[in-house]
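This report concerns only the one structure given below.
The values are calculated or read from the model by the stated rules, or taken from the named source; none is laboratory data. Since this is a predicted model, take the numbers as computed values, not measurements. Cβ placement follows ideal geometry from the backbone for every residue including glycine, while neighbour counts extend to all protein chains displayed. Protein only, heavy atoms only, side chains kept; ligands, DNA and RNA dropped before computing areas. Shrake-Rupley method; radii C 1.70, N 1.55, O 1.52, S 1.80 Å.
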Amino acid sequence: MVGGVFSRFKIPLLLAPALLVLGGLFAGGLYAALVQSLGYFPAIGMTEVSLDAYREVLGSRRFLDSLLLTFYVAGVSTVLATVLAVLAALALRRSPSRISSVIFQVPITVPHLVAAVGIALVVSQTGLGARLAASLGLIGEPAEFPALLYDRYSVGIILTYVWKEMPFVALVVLAGLRGVAGELEEVARTLGASAWQRFWYVVFPVISPGIVAASLIVFAFTFGAFEVPFLLGRSYPTILPVMAYDEYRSVELTDRPAAMAINVLITLVTALTAALYLRLSRRIGGRRGSS
Amino acid sequence: MSPPASARLELRDVSLRYGRGAEPALKGLSLTVEPGELVALLGPSGCGKTTALKIVAGLLAPTSGEVLVDGRSLLGVPPEKRGAAMVFQKPLLFPHMSVEANVGFGLRMRGASQAESSARAREALGRVRMEGHGDRRPDELSGGQQQRVSLARALVTEPSLLLLDEPLSALDANLRSALRDLVREVQEEGGYTTVFVTHDQEEAVVLADRIALVTGGALRMYDRPQAFYDRPRTREVAEFFGATNFIEGRSAGPDGPVETALGTFGLATPVPAGKVTLTIRPEAVRLGTQSEDGGNSFVARVSEATYLGTQISYRLQAGDTSLRAALPPHTRLAVGERTTVRLPAESLWPLGP
């Protein structure tokens, strides 16, 4: 009897410590942010619940510029990383898995901060790229090298994200290509489909749910990530997490609700992306499970 | 698109080695499949039979040797141009297409109109008894239904070669025999030259016009199913087909008798002089009163009797030699009884080295 009870609760019991840490820190933090964003901050005497912070944030020019920039950076990084990843995976699908794992797994282990610094050292106007271009005579002076850091188009940030996230998408796509997509392609081949027909009618439709799922994860991450834009971004507009951080660091404690409102809005976009991802992966899982 | 006449397939000395230093997966396989014939490539797993099939399909390239269809080499021809449709062990239906779109796939890739491919897909679904399932998605079908659809998908292209890679092995026993009959039926109707890979000896015997037994990457025997029971080439072949009776002996010459520990036996087949192993099917062994007339007989003790319903299987012990005999259930011999055993000359078969 006791054994039966234990075995019924075994999985929840084993999961409890991890869930406690995850849930406690995440839900607690989210709760605090939500409460403060609603103007409830008794430490400085604010006890009236209102949507003022949201009104202020959503109405400000600075927030809109930030929001657009964040969508731009996350969107462009995701699209570039995904397209390059699919091409790389297609190129490497028949190579031994030793080679592809070295190529794709090494960048995954490098922290974003290190990647950002590395990219900065290569693409800054005093960096390796500029000096190389100058010594090759492509530009007169290293300083003539195009500004790719702290620039209008966030090239440095996007480059860092592409370098970091592309291998992740590529590994997901590669797993799909080496699995059932490869077998289905052989079937299509014996049925007379040319290389292009096999890709377009069989391989791509079969791997596309995986591609979309992986790119949604990349989008959610790049939308909410802080450190790379903080290091390599301009001071105006900043992307949303950096803006939230600036508000949070403000000497005026009354700016705190605005900072938290931005955080809640970031969480909302990320959560929507995650929900989309879950729906998609359930559809893929359901299909696989019943076949 | 007129359906191509069924083709004559010829493998000439085909070898394949996957890597340098690796044991070859195929060693000089030579085989001819006549137009409209169904040949079973039979062998244990890892014997190279699927490798051979993939070489015919073009999915693998042989290290050496030739693959010819109607006398023309296939080796430079990519798989998509060979007209060799393959059905795999798993149904491998395209998950994002309806059943009908799956079946019509090969036609659409060849540029057939939507209407034509759809009509011919429905016709092909009828041939595998899957009419009315065209609008379903593959994951709504059972495993057996999916495999029927994948057979229809191969047939609809009117392939000059039909290649089947253990298409029944993932199904349970009832479905397997039903689908086996269906395969034979559509194959005969369409007259497709067919190579059927299987590890199941019974499946090969029931389905095939001829069986090619492959072990260790080499062809051991290629003949009609009956011959594997009556005239197996070697002891290995005989054992693969369940033979248990082996008698070591020495032949005096082509017409001379064979001396064995059980006695001197005459054979209906010439045996070259020297050492030889004789075999006989359990059903051909005669016991007791059945064994009265003449030679090739000796006395043995019944060491085991197993009632099997339609027959009784006896184990007979004579010196160091043990033989099996299968007799009708009305013959009753007791364990421990001594009986005369006769091995009819026309049923004794000499195995090659």
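Largest accessible area first, the listed residues A:LEU51, A:LEU68, B:LEU92, B:LEU155 line up as A:LEU68, A:LEU51, B:LEU92, B:LEU155 when surface is computed with a 1.4 Å probe on the assembled protein chains. Just checking the listed ones, A:PRO257, A:PRO167, A:PRO107: in the Gaussian network model of chain A with Cα springs under 10 Å, the one fluctuating most is A:PRO107. Mean per-residue shielding of peptide B:192-203 is 0, counting Cβ atoms of other chains within 10 Å of each Cβ. Rolled with a 1.4 Å probe across the full set of protein chains, the surface gives B:THR340 an accessible area near 60 Å².
Could you list the square roots of 5 times each eigenvalue of the Cα gyration tensor of the range B:244-351, that is, the equivalent ellipsoid semi-axes, sorted largest first and rounded to whole Å? Could the numbers behind the result be given before it?
On the way: eigenvalues 125, 32, 29 Å².
Each semi-axis is √(5λ); the values are 25, 13, 12 Å.
When Lys and Arg each count +1 and Asp and Glu each count -1, what net charge do the other residues less than 13 Å away from A:TRP200, Cβ to Cβ, add up to? Walk me through the numbers on the way to the answer.
On the way: positive: A:ARG198, B:ARG108; negative: A:GLU185.
Spelling it out: positives minus negatives among the neighbours equals +1.
Other residues lying with their Cβ under 9 Å from the Cβ of B:LEU125 contribute a combined charge of +1, Lys and Arg counting +1, Asp and Glu -1. Relative contact order of chain A: 25 percent, from C-alpha pairs under 8 Å at least 6 residues apart in sequence. Radius of gyration over Kirkwood radius for the range A:34-290, both on Cα atoms: the Rg/Rh ratio is 1.07. Other residues within the sphere of radius under 10 Å centred on the Cβ of B:ARG17, judged by their own Cβ, net out at +1 (K and R +1, D and E -1).
Considering every Cα-Cα pair within chain B, what fraction, in whole percent, is farther apart than 36 Å? In whole percent, the share of Cα-Cα pairs in chain B beyond 36 Å is 37. Comparing Cα centroids, the range A:82-133 and the range A:236-286 end up 27 angstrom apart.
Reported value for the range A:192-251: 104 Å³ per residue, from the convex hull of its C-alpha atoms. The calculated FRET efficiency for the pair B:ALA334 and B:LEU308, based on their C-beta separation and a Förster distance of 25 Å, comes to about 0.90. Rolled with a 1.4 Å probe across the full set of protein chains, the surface gives B:ASP209 an accessible area near 40 Å². The Cα center of the range B:179-255 and the Cα center of the range B:134-176 differ in position by 25 Å.
Our note on the geometry: Cα centres of the range B:83-101 and the range A:12-62, 52 Å apart.
Mean separation of Cα pairs under 8 Å and 6+ residues apart, divided by the residue count of chain B: what relative contact order is that in percent? Intermediate results must be reported in sequence, preceding the final value.
Values: 752 pairs, mean separation 57.2, N = 353.
Taking the mean separation of contacting Cα pairs over the length of chain B, I get 16 percent.
For peptide A:196-204, how many partner chain Cβ atoms fall within 10 Å of a residue's Cβ, on average? Counting other chains' Cβ atoms within 10 Å and averaging over A:196-204 gives 2. Note on A:ARG131 and B:GLN114: their simple-model spin labels are 6.2 nm apart, each label 7 Å out from Cα toward Cβ.
Here the simple spin-label model places points 7 Å from the Cα toward Cβ, and for B:ASP320 and B:ARG136 these points are separated by 6.0 nm.
For the range A:240-258, backbone nitrogen atoms closer than 14 Å to the point 7 Å from A:ASP52 Cα along Cα-to-C-beta are found at A:253-258. Across all Cα atoms of the range A:2-68, the radius of gyration (one decimal) and Dmax (whole number) stand at 20.1, 62 Å. For the range B:221-279, list log₁₀ I(q)/I(0) at each q in 0.21, 0.28, 0.29 Å⁻¹, using the Debye formula over Cα point scatterers of equal strength and ignoring solvent, two decimals each. Scattering profile of the range B:221-279, log10 relative to I(0): -0.83, -1.13, -1.15. Show me the helices of chain B, taken as full DSSP H stretches, that run 15 Å or more along their long axis by Cα and average -0.5 or above in Kyte-Doolittle hydropathy. Those that clear 15 Å and a mean of -0.5 are B:99-109, B:143-155. Among beta bridges identified by DSSP and lying wholly in the protein assembly as shown, the antiparallel ones come to about 75 percent. For the protein assembly as shown, the spread of Cα coordinates along the three principal axes comes to 119, 73, 53 Å, biggest extent given first.
Would you tell me the mean number of C-beta atoms belonging to other protein chains that fall within 10 Å of each C-beta in B:68-81, as a whole number?
Working: counts 0, 0, 0, 0, 0, 0, 0, 0, 0, 0, 3, 7, 10, 3.
Mean number of neighbouring Cβ atoms from other chains: 2.
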